Structures are given as C-alpha cells and as structure tokens.
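K.L.:
Below is the structure I would like to discuss, written out as structure tokens.
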Amino acid sequence: MSQLLVLGLGNPGAEYAHTRHNVGQLAVEELARRASTSLRAERSAHARVAQAVIDSARVTLAVPTTFMNESGQAAAPLVRRYLAEASVGDLVVIHDELDLPEGVIRLKVGGGTAGHNGLKSIGTHLHSLDFARIRIGIGRPPGQMSGADYVLRELRGESREAMMVNVALACDALTQILAEGFTQAMTTLNAR
C-alpha cells in the first residue's frame, strides 16, 4: 500500500489542459515527471494512475479522467484500492482555489468545499471531507467575468508561465509534506 494517494483535479481534454481549473492535474503530471514515471489509464477507477517514490516514500499519483464535477467517481475506487483501510486521512487532493491570491499555496485538512464542485463530488462519494488539500491560489475573476469563464479560459504567455510556477510550488509542497509530515509542512507553508 502507498503512504499517500495524491489526486490532482482537472478536466480531461486538450481544450482544458492549460486552464486555471486544471492546476491540480498539472501538478500531479509534474510530480510523475519528476519521479520518472508515467500516468497510465486505469479504467476501473476512472483515472490515470502511477506509482512513484518521492523523497523515499511510496506514493500513488492519480488524475481523474472524469470531468471536475464528477471527481468523486475516481476518488472513491482509488481510495479503496490504494490506501490501507480506505483511509481518507491518507488522501491529498491538489486543486485550484479562487479564495487565494494567484501564486499562494496553502495546505488544509478537512473543512468545507468553498463551492468547488470537484471537492463536493469527492466528499459525496467518500462520505467525508476529512482529506488533506494542497490549495493552489488562482485569485478571483476580474471585473464582471464569471467564475466559470475565469477558471476554464486557456492561459497563454506570461499567465501560463505564472501558472506553471504555481504548479511547481504545489509539487514542492508535497515533497515538504513527505519530508516533514503534514502538520509541520502546513505550519511552515501557511505562514508564508
């Protein structure tokens, strides 16, 4: 069994690949790249999955192949298959967070969903919101732009580069969690 299951949220398809809503998926893909492994389709779990060793810890990396608002359809079978006693306490979900400024990474355990449909779906399917989260700040939409348009708009140029910096910071946060434990990593990272 893995020490952690790391689930990166996003939407499938090339049209969503470089949107703010897909930063969680991009982070897990980057973690797999850093660990020299590849995510492979696991149809029974509605996800792409890889086993990785990160900072001497065995970790399962996964990205749902469902749309964001159906993320729980992947989370539930993955937790049952890869975590001892199906413990949601060993699940880390990486996702975008409108309530944090762009470039801010925060760690959290449990709590509400802040209207995030991916988190809502996971909570529904796991019957619990007591999982850990790496929250990647994407900020609020400018002016009168809707939240949906903001998170689903393809980023280009400097905006895409800034997003990839945030993805790298989220990957570093996971490495810190593995090295220090979640509580200490949360104390350190959330103080920044």
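Every number in this text was worked out from the coordinates using simple rules, so none of it is lab data. Keep in mind the model is a prediction, meaning the values are calculated, not measured. Backbone-built Cβ (ideal geometry, glycine too); neighbour counts: all protein chains shown.
K.L.:
Report which label in (i) 15.3; (ii) 10.0; (iii) 12.5 holds the value of mean projected area of the Cα convex hull in nm² derived from the coordinates of this structure.
P.N.:
Answer label, from the structure shown: (ii).
K.L.:
Then there's this: Return the whole-Å distance between the Cα centroid of region 78-138 and the Cα centroid of region 172-192.
P.N.:
So the two Cα centres are separated by 16 Å.
K.L.:
So what's the back-of-envelope 222 nm ellipticity for the chain, counting only DSSP H runs of four-plus at -39500 (n - 2.57) apiece and dividing by all residues, rounded to 500? Mind dumping the intermediate values first?
P.N.:
Working: 6 runs with 72 residues, N = 192.
So the helix-based figure for the chain works out to -11500 deg cm²/dmol.
K.L.:
May I pose another question? Just how many % of Cα pairs in region 94-137 lie over 11 Å apart, if you round to the nearest whole percent?
P.N.:
Details: 601 of 946 pairs.
Of the Cα pairs, 64 percent sit more than 11 Å apart.
K.L.:
Please give the peptides 138-147, 151-160 ranked by average Cβ packing (other Cβ atoms within 10 Å per residue), highest first, as a rough proxy for protection.
P.N.:
Numbers: 138-147: 11.8, 151-160: 13.3.
In decreasing order of mean packing, 138-147, 151-160 become 151-160, 138-147.
K.L.:
On to the next question. When the chain is treated as a GNM, springs tying every alpha-carbon pair under 10 Å, which of A114, A50, A170 comes out with the largest mean-square fluctuation?
P.N.:
For the chain, modelled as a Gaussian network with Cα springs under 10 Å, the answer is A114.
K.L.:
Continuing with the same structure: Compute the orientation-averaged projected area for region 30-122 from the convex hull of its Cα atoms and round it to one decimal in nm². Mind dumping the intermediate values first?
P.N.:
Numbers: hull surface 26.2 nm².
Taking a quarter of the hull surface, the average projection is 6.6 nm².
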